[in-house]
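Student: Supplied in structure tokens, the structure appears directly below.
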Amino acid sequence: MAVREVNFDGIVGPTHNYAGLSFGNLASTLHEKKVSSPRRAALQGLEKMKFVSELGVPQGVLPPLRRPHIGFLKQLGFRGSVAEIIQFVGETDPRLLAASYSSSNMWTANAATVSPSSDCADGRLHLTPANLASGLHRSIETADTLAVLRAIFHDSTKFAVHDPLPCNFAMSDEGAANHTRLCDGYGSPGIEVFVFGRSELDKSCPAPVRFPARQTLEASRAIARVHQLKPQSTFFIQQNPAAIDAGVFHNDVVSVGNGNFLMYHETAFLGGELAVADLCQSIRRLQGWELSSMGFSEQDLPLKEAVSSYLFNSQLISRESGDMTLVCPLEVKQVQNAFRCTQRILDADNPVTAVEFLDLRQSMNNGGGPACLRLRVVMTEEELASVHPGVLFSDTLYARLRDWVNRNYRDELSPDDLHDPVLVGEVDTAFNELQAILELPPSVFRMGI
Ligand code: SUG
């Protein structure tokens, strides 16, 4: 049976803005209070989906979550009409208002951790929404994301969509951004690699000192149990705390893997090259295939430039032929060392035979590259056939979404614009139309109210 990887990209929401909410994410801090363009951001995202689907890879969409999250503000004790709440919170606590308006759900690599059915003991495909406990603006995504995933992956004979882990410091979980599945073919059982930044209970694990480690070992282990993964095919590797302190807030900022290929910066993992060598050896012993890995040193690409170019946040796409295309953000072309690395990848003996560059600047300004914008779901044809069809990408859906964005999204949004209740009315109109386009249940789009 054919098994494919389907990329579910987040549609950028109409309130995409730069509020500087993510401590430890250098791009987010750098662009705080800058004027964003929700329209350009959403169109850039749609172009990427079209590009990837034209490579022959099935593509899906995840809807944005309706923002501002008035329910969240009410839960915090604010009372009155929507306009009154927005005005009051805007005057008294603008950062709280910004959190309620956040469009960070566009980075669907953080929506959930996904394990394909061939890895899970009960033969179902498992998804667990991330609790995103380490950031206020992100933690309020989880309930809505759960509803979206349950609506899309609704067939419980094929899919298990779990509740998120308890939302607390010890179980802090950031989803697929710290999880990579390596395999000898999408249809074969894979090796699931969880990368954690700290341990709550094992105090011998080092931790970063400057910026937060968002993923805990305990959360990663819990997800592996919930997904019924085979312990011998599951690896837990610690992220290098020094890299987190240099702005690597998720592991997908310094490594990316697909199929039998892994590329990474030498500072990605605690234990460095030894950690990767160990992984290669275990794969050989357990599953009898060779992991093709390519590490880049500080000399090849200083970590600072890995973070500014987002080379490792590129998407590795398997084409029908078995060859891979590396889909990079445009910034990689502009950072000489990063561009040189792409040429080395092409020259070396590995499955990558093409490198492409896409303009995703609106998302990059908040620390989200091509890989952040997509949730990978490896599925059999049968599983794919039971996914809610309204979210599967096609030329028609692309054209409808483009038109919808052009009619409903502002070209510019400044932090001050969030104080204007008129924006809420515009968002309402946009979401009502989107519900009809994607044919998802209205309850999914009432979320956040
Ligand atoms: O969680 N940025 C996101 C970026 C997430 C990128 N995802 C992956 N690496 N997979 C974050 O830090 C910025 C919000 C703001 O500043 O307005 C933000 O949330």
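The values are calculated or read from the model by the stated rules, or taken from the named source; none is laboratory data. Just so we're clear, the structure is a prediction, and the values are computed from it rather than from any experiment. Virtual Cβ from ideal backbone geometry, glycine too; neighbours counted across all protein chains shown. Note: areas computed on protein heavy atoms with side chains; ligands, DNA, RNA excluded. Shrake-Rupley method; radii C 1.70, N 1.55, O 1.52, S 1.80 Å.
Student: Between residues in the range 214-242 that are more than 22 Å from residue 167 (Cβ to Cβ) and at pLDDT 95 or above and residues that are among the polar types (S, T, N, Q) and open to solvent by 20 Å² or more (accessible area, probe 1.4 Å), which pairs lie under 6 Å by C-beta distance while being six or more apart or on different chains?
Tutor: Here the result reads 240/267, each pair linking the range 214-242 to a residue that is among the polar types (S, T, N, Q) and open to solvent by 20 Å² or more (accessible area, probe 1.4 Å).
Student: Which is touching a residue at least 40 places away in the same chain (Cβ under 8 Å), touching a Ser or Thr at 6+ places or on another chain (Cβ under 6 Å), open to solvent by less than 10 Å² (accessible area, probe 1.4 Å) and not in a loop (DSSP other than H, G, I, E, B), of 113, 15?
Tutor: 113
Student: Does any residue in the range 372-387 that is more than 15 Å from residue 9 (Cα to Cα) come within less than 6 Å, Cβ to Cβ, of a residue that is in a loop (DSSP other than H, G, I, E, B) and modelled with pLDDT of 95 or more six or more places away or on a different chain, and which pairs are these?
Tutor: Correct list of pairs: 383/158; 386/155; 386/158.
Student: What about residue 173, is it open to solvent by 20 Å² or more (accessible area, probe 1.4 Å), out of contact with any Lys or Arg (no Cβ under 8 Å at 6 or more places or on another chain), modelled with pLDDT of 95 or more and not aliphatic (A, V, I, L, M)?
Tutor: When the stated conditions are applied, residue 173 does not pass them.
Student: Any chance the range 197-213 includes a residue that's surrounded by 21 or more Cβ atoms within 10 Å (Cβ to Cβ), outside any loop (DSSP other than H, G, I, E, B) and touching a strand residue (DSSP E or B) at 6+ places or on another chain (Cβ under 7 Å)?
Tutor: So far as the range 197-213 goes, yes, one or more of its residues are surrounded by 21 or more Cβ atoms within 10 Å (Cβ to Cβ), outside any loop (DSSP other than H, G, I, E, B) and touching a strand residue (DSSP E or B) at 6+ places or on another chain (Cβ under 7 Å).
Student: Got a sec? Which of 411, 428, 417 is in a helix (DSSP H, G or I) and under 13 Å from residue 16 (Cβ atoms)?
Tutor: That would be 417, the only listed residue that is in a helix (DSSP H, G or I) and under 13 Å from residue 16 (Cβ atoms).
Student: Out of the residues in the range 20-42 meeting the condition of being open to solvent by less than 20 Å² (accessible area, probe 1.4 Å) and either hydrophobic (A, V, I, L, M, F, W, C) or without any contact (Cβ under 8 Å) to a residue 12 or more places away in the chain (or both), tell me which one is farthest from the ligand (Cβ to nearest atom).
Tutor: Filtering the range 20-42 for residues that are open to solvent by less than 20 Å² (accessible area, probe 1.4 Å) and either hydrophobic (A, V, I, L, M, F, W, C) or without any contact (Cβ under 8 Å) to a residue 12 or more places away in the chain (or both), the one farthest from the ligand (Cβ to nearest atom) comes out as 42.
Student: Answer yes or no as to whether residue 387 is open to solvent by less than 10 Å² (accessible area, probe 1.4 Å), under 28 Å from residue 314 (Cβ atoms), of a type in the set (A, V, I, L, M) and touching a Phe, Trp or Tyr at 6+ places or on another chain (Cβ under 8 Å).
Tutor: yes
Student: Continuing with the same structure: Go through the residues of the range 280-287 one by one and say whether even a single one is open to solvent by less than 30 Å² (accessible area, probe 1.4 Å) and farther than 13 Å from residue 191 by Cβ.
Tutor: no
Rundown of residues vs (1) more than 22 Å from the chain's Cα centre (by Cα); (2) of a type in the set (Phe, Trp, Tyr), yes/no style:
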residue	(1), (2)
332	no, no
340	yes, no
370	no, no
393	no, yes
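Student: Follow-up. From the list 57, 61, pick out the single residue that is farther than 21 Å from residue 411 by Cβ, touching a Gly at 6+ places or on another chain (Cβ under 9 Å) and away from the ligand (no atom under 16 Å from the Cβ).
Tutor: Just a single option satisfies the conditions, and that option is 61.
Student: Do you know which residues across the range 178-202 are more than 16 Å from the ligand (Cβ to nearest atom), more than 22 Å from residue 246 (Cα to Cα) and not aliphatic (A, V, I, L, M)?
Tutor: 183, 184, 185, 186, 187, 188, 189, 190, 192, 202
Student: Under 7 Å between Cβ atoms, at least 6 apart or on separate chains: pull out the pairs that start in the range 315-330 with a residue that is open to solvent by 10 Å² or more (accessible area, probe 1.4 Å) and end on any residue that is part of a strand (DSSP E or B).
Tutor: Short answer, once both residue conditions are applied: 318/5; 318/258; 318/324; 319/325; 323/353; 330/357; 330/358.
Student: Determine which member of the set 163, 184 is of a type outside the set (Ser, Thr, Tyr), in contact (Cβ under 8 Å) with a residue 40 or more places away in the chain and either crowded, with 22+ Cβ neighbours inside 10 Å or in a loop (DSSP other than H, G, I, E, B) (or both).
Tutor: None of the others qualify; the one that does is 184.
The rows are residues; the columns are (1) away from the ligand (no atom under 16 Å from the Cβ); (2) of a type in the set (Lys, Arg); (3) within 23 Å of residue 258 (Cα to Cα).
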site	(1), (2), (3)
327	no, no, yes
331	no, no, yes
336	yes, no, no
350	yes, no, yes
383	yes, no, yes
392	yes, no, yes
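Student: Mind counting the residues in the range 65-110 that are under 19 Å from the mean Cα position of the chain (by Cα) and either aromatic (Phe, Trp, Tyr) or open to solvent by 60 Å² or more (accessible area, probe 1.4 Å) (or both)?
Tutor: Total satisfying the criteria: 2.
Student: Next up: All but one of (1) touching a residue at least 24 places away in the same chain (Cβ under 8 Å); (2) open to solvent by 10 Å² or more (accessible area, probe 1.4 Å) hold for residue 123, so report the exception by its number.
Tutor: Only one criterion in (1) touching a residue at least 24 places away in the same chain (Cβ under 8 Å); (2) open to solvent by 10 Å² or more (accessible area, probe 1.4 Å) is unmet by residue 123, namely (1).
Student: Of these, 359, 417, which one is among the acidic types (Asp, Glu), away from the ligand (no atom under 16 Å from the Cβ) and in contact with a Leu (Cβ under 7 Å, 6 or more places away or on another chain)?
Tutor: 359
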